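S.K.: There's a structure below that I have some questions on.
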Amino acid sequence: MADALDRHGISFESHVYAYGPHGYSTGDKSVLAPGTRICGRAGRWVEDSLAWLNDMLGDFGAGEMTEPRCPARVNDDGGDFLSVNCTLGYLIEQKAAKAILQPVIKNALEQRGGGDQVDMLGFARKMKLSDILSTTNMPADAIQALAKQLSEIKSVN
């Protein structure tokens, strides 16, 4: 399941505890059979689950829901329009974006002393363009201009 969520850019957490029977209820040790081995952190699974739901959906307080702390998706792949928060792999599959990105990619490779474009693209395909650009010396105004250009391109899914 984690692979499918990752493949589709959906935010998730997965906790696999070393020891702990299925059906541990709400983490109350009184429901365990005597001698049952259980990981010390397994008892916090309910608290961790609620914290994750608050991160993803927001919290209910003062009579209304708060904004989520984390986005539901780890990138903007598949959105209506492109953005610098799309992965490089997704962007280079978009014909209009690829034309815009070719000089940016070339410049990034030159900054790193050249190298094989295929190797670089293979390594960076799953990275968001914004994360890649943060490692370059591309001026902030140029990044903003690139972001604007991309935001005007409709995604082709």
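S.K.: Along the stretch 50-62, what does the Karplus equation 6.51 cos²θ - 1.76 cosθ + 1.60 (θ = phi - 60°) give for ³J(HN,Hα), rounded to whole Hz, x for Gly and Pro?
M.R.: 3J(HN,Hα) across the stretch 50-62, in whole Hz: 5, 5, 5, 4, 4, 4, 8, 10, x, 10, 9, x, 6.
S.K.: I've got another one for you. Set the Förster distance to 25 Å, then compute FRET efficiency between Leu32 and Trp52 from the Cβ-Cβ distance, nearest 0.05. Before the final figure, lay out each step's value.
M.R.: On the way: r = 24 Å, r/R0 = 0.96.
E(calc), rounded to 0.05, equals 0.55.
S.K.: Taking 7 Å along the Cα-to-C-beta vector as the label spot, tell me the Asp6-Glu110 distance in nanometres, rounded to one decimal.
M.R.: Between Asp6 and Glu110, the simple spin-label model gives 3.5 nm.
S.K.: Take the chain, compute every pairwise Cα distance, and split them into 10 Å bins from 0; I just need the percent in each bin.
M.R.: 9, 27, 24, 19, 14, 7, 1
S.K.: Report the gain in length on full extension from Arg41 to Thr66: 0.36 nm times residue separation, minus Cα-Cα distance, nm rounded to one decimal. Show your work: numbers first, answer last.
M.R.: Details: separation 25, 0.36 × 25 = 9.00 nm, distance 2.78 nm.
Working it through step by step, the gained length comes to 6.2 nm.
S.K.: Using amide H atoms built 1.01 Å from N in the peptide plane, name the residues 5+ places from Arg73, or on other chains, whose amide H lies under 5 Å from its own.
M.R.: Ser11
S.K.: Treat each spin label as a single point 7 Å out from the Cα along the C-beta direction, and report the Ala147 to Lys95 distance in nm.
M.R.: Inter-label distance under the simple model: 2.9 nm.
S.K.: Subtract the Cα-Cα distance of Asn157 and Gln102 from 0.36 nm times their separation in residues, and report this length gain in nm to one decimal. Each step should come with its number before you reach the end.
M.R.: Details: separation 55, 0.36 × 55 = 19.80 nm, distance 2.04 nm.
Once the chain is fully extended between Asn157 and Gln102, it gains 17.8 nm.
S.K.: Note the full-extension length gain between Arg73 and Ser25 as 0.36 nm times their separation in residues minus their Cα-Cα distance, in nm to one decimal. Mind showing how you got there, number by number?
M.R.: Values: separation 48, 0.36 × 48 = 17.28 nm, distance 2.93 nm.
Full extension of this stretch gives 14.3 nm more.
S.K.: Here's another thing I want to ask about it. Report relative contact order for the chain in percent, whole number only (criteria: Cα-Cα under 8 Å, sequence separation at least 6).
M.R.: Values: 147 pairs, mean separation 32.8, N = 157.
Result for the chain is 21 percent.
S.K.: Straight-line reach from Lys128: which lysines have a Cα under 29 Å away, not including same-chain ones fewer than 8 places off?
M.R.: Lys95, Lys98, Lys106, Lys148, Lys154
S.K.: Apply 1/(1 + (r/R0)^6) to the Cβ-Cβ distance of Phe81 and Tyr17, taking R0 = 25 Å, and write down the FRET efficiency to the nearest 0.05. Can you show the working numbers first?
M.R.: On the way: r = 41 Å, r/R0 = 1.64.
In this case the efficiency is close to 0.05.
Laboratory data are not the source of any read-out in this text; all were calculated from the coordinates shown. Keep in mind that what you see is a predicted model, and the values were worked out from it rather than measured. Cβ: placed from backbone, ideal geometry, glycine included. Neighbour counts: every protein chain shown.
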